[in-house]
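Q: Below you will find the structure I want to go over with you.
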Amino acid sequence: MNLEQLNQVAVKMVTPGQGLLAADESTGTIGKRFASINTESTYEKRRDWREMLFRTDHAMRNHVSGVILYEETLRQTSEDGTTLVDLIKSNDAIPGIKVDMGAKPMAGRPGETVTEGLDGLRGRLNEYYELGARFAKWRAVIEISNPERADQVTPSWGAIKANTHALARYAALCQEANIVPIVEPEVLMNGYHGVQTCHDITHKVLKSLFADLFEQGVKLEGTILKPNMVVAGKRCPVQPSVEEVAERTVEVLKDCVPSAVPGIAFLSGGQDNVQATENLNAMNQIGGFPWSLTYSYGRALQQSALFTWAGESDNYDAAQKEFNHRAKMNGLASMGEWTAELERAG
Ligand code: 13P
C-alpha cells in the first residue's frame with residue numbers, strides 16, 4: 001500500500017469547487033432511469049448517454065474531480081474509439097469504479113439487507129487498477145422502518161454491524177490495491193420517519209463504521225466518506241428547514257468523522273436537484289471543518305440533463321447545458337458560494 005499516493009488521490013477527489021459524478025448505476029438502475037424518458041436501455045444507449053456527460057468539457061474540467069463508473073463503462077469505448085476512461089482522464093478527472101454486488105436480503109433479519117461482493121474482490125481490484133480506476137465505491141443500505149409498525153423495527157444492530165464490517169473489509173482490500181475506498185453507508189430517505197430518527201440512526205451507523213475501519217486497519221488519510229445528509233423521510237409530514245438539515249448533518253459528522261479523513265462527498269439519495277445543492281451550500285457556509293464537504297451525486301447531477309436528452313441525439317447540446325449548470329451550482333455549493341440568483345440565471 002502506498003499511503004502517500006492514496007492520500008493524494010483522496011485529496012484531489014474533494015478539491016474545493018469540485019466533486020464526484022456518480023454515473024455508476026447498475027444495468028437494472030439505469031434501465032429504470034431510461035424508462036422514465038421512454039428510452040430502451042441498450043449497451044449503445046448507455047454509452048451514448050455517459051459519453052455525452054464525459055464530453056461536457058466545462059463541467060468535467062472545472063467541477064468534476066472524479067467519476068464513479070459501473071464495470072461495463074470502465075471497459076467501454078466511445079464511437080471514435082477513445083475509451084471512456086481516457087475521456088474522463090483527458091478532462092483531468094479521476095476514474096473510479098463501483099465494486100459492490102448490491103444489497104441482498106439478509107438471513108435472519110427480515111426486511112433488511114447486507115451488501116455483497118467481498119469474495120474475489122482482491123483480484124477484481126487489481127484488474128480495475130490496470131484499467132485505470134484509482135478509487136472505488138461500496139454502498140451499504142440502511143432502511144428505517146415505518147414508525148407505525150412496531151412489529152418490525154429497523155435497522156437492527158445486526159444489520160448495521162454486518163454492513164459496516166463489510167464496508168471496512170472492502171476498504172482494506174482497496175487500499176492494499178492502491179485504490180481509494182469511498183465508504184458509503186446510506187440511510188435511506190424514503191419512508192415516514194422524522195428528522196430526529198435519521199439523526200440518531202446516521203450517528204449510530206457512522207460510529208459503527210469508524211470503529212470497524214479502525215479494526216480492519218484502514219488508513220483514514222486514504223479514505224473518502226459518502227454519507228446521507230440528516231433529513232426526514234420523504235413521506236414525513238414535518239420536513240426540516242435547510243438550516244436544520246445543515247446543522248444536524250454537521251453535528252453528526254463532527255462527532256463521528258475523524259479529522260484524518262480528507263473529505264466527505266454526499267449522496268443525493270432522492271432529494272430534488274436544487275435542494276441537494278442548497279443543503280450542501282448551507283453546510284459549507286457553516287464552515288470551519290477539518291475535511292472538505294462536497295458532492296458525489298448521481299440523480300441530483302444527472303436528472304435534469306437526462307430529461308432534456310430524452311434519448312435523442314438532437315438534444316445533445318441542450319443536455320450538456322443542463323449538466324454544466326448543475327455541476328457549476330454544486331461546485332459553488334462545495335465552497336458555500338451558491339445563491340438562488342445564480343441558480344435562476346441558468
Ligand atoms: P444519488 O446521488 O442518486 O443518491 O446516487 C449516488 C450514489 O452513488 C448512490 O450509491
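Q: Looking at segment 333-342, which of the residues that are open to solvent by 30 Å² or more (accessible area, probe 1.4 Å) and part of a helix (DSSP H, G or I) is farthest from residue 302 (Cα to Cα)?
A: 341
Q: Condition first: within 16 Å of the ligand (Cβ to nearest atom) and surrounded by 18 or more Cβ atoms within 10 Å (Cβ to Cβ). Now tell me which residues in segment 306-316 satisfy that.
A: 306
To keep it simple, each residue is scored yes or no on (1) open to solvent by 10 Å² or more (accessible area, probe 1.4 Å); (2) in a loop (DSSP other than H, G, I, E, B); (3) under 19 Å from residue 97 (Cβ atoms).
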{"position": "148", "(1), (2), (3)": "yes, yes, no"}
{"position": "162", "(1), (2), (3)": "yes, no, no"}
{"position": "171", "(1), (2), (3)": "no, no, yes"}
{"position": "174", "(1), (2), (3)": "no, no, yes"}
{"position": "178", "(1), (2), (3)": "yes, yes, yes"}
{"position": "185", "(1), (2), (3)": "no, no, yes"}
{"position": "202", "(1), (2), (3)": "no, no, no"}
{"position": "207", "(1), (2), (3)": "yes, no, no"}
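Q: I've got another one for you. Among the residues of segment 248-269, are any within 16 Å of the ligand (Cβ to nearest atom) and open to solvent by 20 Å² or more (accessible area, probe 1.4 Å)?
A: The answer is no; no qualifying residue exists.
Q: Give me a count of the residues in segment 317-332 that are among the aromatic types (Phe, Trp, Tyr) and open to solvent by 30 Å² or more (accessible area, probe 1.4 Å).
A: Counting residues in segment 317-332 that are among the aromatic types (Phe, Trp, Tyr) and open to solvent by 30 Å² or more (accessible area, probe 1.4 Å) gives 0.
Q: Please state which one of 125, 118, 87 is touching a residue at least 24 places away in the same chain (Cβ under 8 Å), on the phi < 0 side of the Ramachandran plot, assigned to a loop (DSSP other than H, G, I, E, B) and not aromatic (Phe, Trp, Tyr).
A: From the options 125, 118, 87, the qualifying one is 118.
Q: All but one of (1) open to solvent by less than 10 Å² (accessible area, probe 1.4 Å); (2) in contact with a Leu (Cβ under 9 Å, 6 or more places away or on another chain); (3) farther than 22 Å from residue 140 by Cα hold for residue 289, so report the exception by its number.
A: (1) is the only condition that residue 289 fails.
Q: Next up: Just a yes or no: is a residue in segment 188-195 part of a helix (DSSP H, G or I), open to solvent by 10 Å² or more (accessible area, probe 1.4 Å) and at pLDDT 95 or above?
A: yes
Q: Next question. Taking residue 274 and the conditions (1) crowded, with 24+ Cβ neighbours inside 10 Å; (2) within 15 Å of the ligand (Cβ to nearest atom); (3) touching a residue at least 40 places away in the same chain (Cβ under 8 Å); (4) not polar (S, T, N, Q), which numbered condition does it fall short on, given that it satisfies the others?
A: (1)
Q: Scan segment 1-39 for residues that are under 17 Å from residue 310 (Cβ atoms), in contact (Cβ under 8 Å) with a residue 40 or more places away in the chain and open to solvent by 40 Å² or more (accessible area, probe 1.4 Å) and jot them down.
A: Listed by number, the residues that qualify are 33, 36, 38.
Q: Taking segment 211-247, which residues are assigned to a helix (DSSP H, G or I), away from the ligand (no atom under 16 Å from the Cβ) and either open to solvent by less than 20 Å² (accessible area, probe 1.4 Å) or within 27 Å of residue 179 (Cα to Cα) (or both)?
A: Once the filter is applied, which keeps residues that are assigned to a helix (DSSP H, G or I), away from the ligand (no atom under 16 Å from the Cβ) and either open to solvent by less than 20 Å² (accessible area, probe 1.4 Å) or within 27 Å of residue 179 (Cα to Cα) (or both), segment 211-247 yields 211, 212, 213, 214, 215, 220, 221, 222, 246.
Q: Among 61, 33, 46, 50, which is the only one that is part of a helix (DSSP H, G or I) and touching a strand residue (DSSP E or B) at 6+ places or on another chain (Cβ under 9 Å)?
A: Going through 61, 33, 46, 50 in turn, just one is part of a helix (DSSP H, G or I) and touching a strand residue (DSSP E or B) at 6+ places or on another chain (Cβ under 9 Å): 50.
Q: Something else now. What's the total number of residues in segment 200-224 that are under 22 Å from residue 2 (Cβ atoms) and free of Cβ contacts under 8 Å to residues at least 60 places away in the same chain?
A: 6
Q: Checking the conditions here, which among 162, 150, 177, 140 is of a type in the set (A, V, I, L, M), touching a residue at least 12 places away in the same chain (Cβ under 8 Å) and farther than 18 Å from residue 214 by Cβ?
A: When all the criteria are applied, what remains is 177.
Q: Evaluate the following for residue 261: is it of a type in the set (Val, Ile, Thr), over 20 Å from the mean Cα position of the chain (by Cα), part of a loop (DSSP other than H, G, I, E, B) and on the phi < 0 side of the Ramachandran plot?
A: The answer is no for residue 261.
Q: Checking the structure you have, find out if any residue of segment 103-115 is outside any helix (DSSP H, G or I) and touching a Leu at 6+ places or on another chain (Cβ under 9 Å).
A: yes
Q: Something else: Any residue at all in segment 65-86 that is open to solvent by less than 10 Å² (accessible area, probe 1.4 Å), away from the ligand (no atom under 16 Å from the Cβ) and within 20 Å of the chain's Cα centre (by Cα)?
A: yes
Q: Okay, next question. Looking at segment 288-305, is at least one residue assigned to a helix (DSSP H, G or I), more than 16 Å from the ligand (Cβ to nearest atom), more than 30 Å from residue 144 (Cα to Cα) and touching a residue at least 60 places away in the same chain (Cβ under 8 Å)?
A: Looking through segment 288-305, none of the residues is assigned to a helix (DSSP H, G or I), more than 16 Å from the ligand (Cβ to nearest atom), more than 30 Å from residue 144 (Cα to Cα) and touching a residue at least 60 places away in the same chain (Cβ under 8 Å).
The values are calculated or read from the model by the stated rules, or taken from the named source; none is laboratory data. Given the structure is predicted, the values throughout are model-derived calculations rather than measurements. Positions of Cβ are backbone-derived with ideal geometry, glycine not excepted, and every protein chain shown enters the neighbour counts. Accessible surface is based on the protein model in full, side chains and every heavy atom, while ligands, DNA and RNA are left aside. Shrake-Rupley method; radii C 1.70, N 1.55, O 1.52, S 1.80 Å.
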